[in-house]
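The numbers here are math on the coordinates, done by the rules we state, and not lab data. All of these numbers come straight from a predicted model, not from anything done at the bench. Here the Cβ positions follow ideal geometry from the backbone for every residue, glycine too, while neighbour counts run over all protein chains shown.
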Amino acid sequence: MSPLENGTVIGDDGLARPAWAASDPLLRAYYDHEWGMPVRDEQGLYERISLEAFQAGLSWVTILRKREAFRKAFLDFHPESVAAFTDADVQRLMLDAGIVRNRLKIQAAITNAKATIALREEGGLVDFVWSFQPTSTPEPRTIADIPTTSVESIALSKALRKKGFAFVGPTTMYALMEAVGIVDTHLLHSHRRGSSGVWSLPSHATEPTAPVHRSV
């Protein structure tokens, strides 16, 4: 693999990827086929919020390697199922070596399942989260140009907390927004830039129609 000045790495297939996605085959597949693609279903978005929370303080590859174990432990992240978890379930999960055994994060997943269900009365989790899509997306030329928070991720974090969600800090929410296509932080000349269909390339040439931003 050959590193470039912009912070990406050329793989054996001749394609440039950020360093975090260049070496591990699991991360590479995730980057090439999933990261940045739109997630617009409640269960899928709840899963992503849960996994981003479990990732806090850890590497993303740790979460990916445990993803199937997480899905088994949390019943495929079906909100009603997780919302019904009891203290006995928390104890069961604390003994499950297949997942990240952090009591606060486990309890947050249960709390967030309940909050997800409650949000259905206001249009649902998907519309709520996607309403924080900005009117433009970053146009990074180097890895150093990619932000870790934004005005929108800060607002989304505050809004979710008001709705009863936990472990949804601004940095975690920006990572979520990147992962589910709300923003496109692929480098301008990346082969993945614009692959989500949410943003055009370059983004300033044809601005997408963004949802109305919620007040917080």
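The mean sequence separation of alpha-carbon pairs under 8 Å and at least six residues apart, normalised by the residue count of segment 47-125, gives a relative contact order of 30 percent.
Taking other C-beta atoms within 10 angstrom as a stand-in for reagent exposure, His186, His78, His33 fall in the order His33, His78, His186, fewest first. Computed over the Cα atoms of segment 10-104, the ratio of the radius of gyration to the Kirkwood radius (Rg/Rh) comes to 1.03. Rounded to the nearest 500, the 222 nm mean residue ellipticity of the chain from helices alone is -12500 deg cm²/dmol, with -39,500 (n - 2.57) taken per DSSP H run of at least 4 residues.
Rounded to the nearest 0.05, the FRET efficiency derived from the C-beta distance between Met94 and Leu26 at R0 = 30 Å is 0.75. Net length available on complete extension from Leu15 to Lys158 is 47.7 nm, with 0.36 nm assigned per residue and the Cα-Cα distance removed. With 0.36 nm allotted per residue and the present C-alpha distance subtracted, the Arg120-His189 stretch has 20.9 nm of extension available. Of all lysines in the structure, those lying under 18 Å Cα to Cα from Lys66, and not within fewer than 8 positions of it along the same chain, are Lys105.
Distance between the 7 Å Cα→Cβ label points at Arg67 and Arg141: 3.3 nm. With a Förster radius of 35 Å applied to the C-beta separation of Ser81 and Glu5, the computed FRET efficiency comes to 0.15.
Dipole orientation for segment 42-122: of the candidates Ile110, Gln43, Leu93, Leu93 has the Cα lying most toward the positive pole (charges on Cβ; Lys, Arg +1; Asp, Glu -1).
When only the Cβ of Lys, Arg, Asp and Glu is charged (+1, +1, -1, -1), the dipole of segment 42-122 relative to its Cα centre reaches about 420 debye.
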